[in-house]
Structures are given as structure tokens and as C-alpha cells.
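The values are calculated or read from the model by the stated rules, or taken from the named source; none is laboratory data. Since we're looking at a predicted model, the values are computed, not measured. Cβ sites come from the backbone with ideal geometry, for glycine too, and all protein chains shown count toward neighbours.
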Ligand SMILES: [Zn+2]
């Protein structure tokens, strides 16, 4: 797999945000700042609920993190 995106629901404010599965830096909720994903060197450690796996597309380019 070349890297997928995940739709993560923030546990604090229920904002849904698309996060790259192999994020190389911490990804914070755009609304409240709660950390949604921590880098591990491989697949990120998600801190919120994974709602959906999103196939690779450039729907939300400003919210994606480069590997
Ligand atoms: Zn939030």
C-alpha cells in the first residue's frame, strides 16, 4: 500500500479531519488543537476514532502531510 488517508473524528470536538496514514509530524485538530495523530516512523498512531479510510485523491490537499 502506498499510503492511505484516514478520516479521523476528534474526541474533543467531533470535528472530522483527513489525516495521512504515514504522517511524519503530529497532526492537530484544526478546530480545537487536540492531537489526532502522532508519527511512529510507520503508520501514525491515531488519537481519535477512525471513521473511514479514504483512497488517495487530492480532495483536501491543504490537510495532507508529506511523507
Ligand atoms: Zn477537535
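May I ask you to list the residues in the range 43-67 that are modelled with pLDDT under 90, exposed (fewer than 15 other Cβ atoms within 10 Å of the Cβ) and more than 15 Å from the ligand (Cβ to nearest atom)?
55, 56, 57, 58, 59, 60, 61, 62, 66, 67
Only residues in the range 1-25 that are on the phi > 0 side of the Ramachandran plot count as the first member; pair them with residues that are crowded, with 18+ Cβ neighbours inside 10 Å, Cβ under 8 angstrom, at least 6 apart or cross-chain, and list the lot.
3/20; 3/21; 3/22
For residue 19, indicate whether it is within 9 Å of the chain's Cα centre (by Cα) and within 13 Å of the ligand (Cβ to nearest atom).
yes
Exactly one condition in (1) under 12 Å from the mean Cα position of the chain (by Cα); (2) within 16 Å of the ligand (Cβ to nearest atom); (3) at pLDDT 95 or above is not met by residue 32; state its number.
Every condition holds for residue 32 apart from (1).
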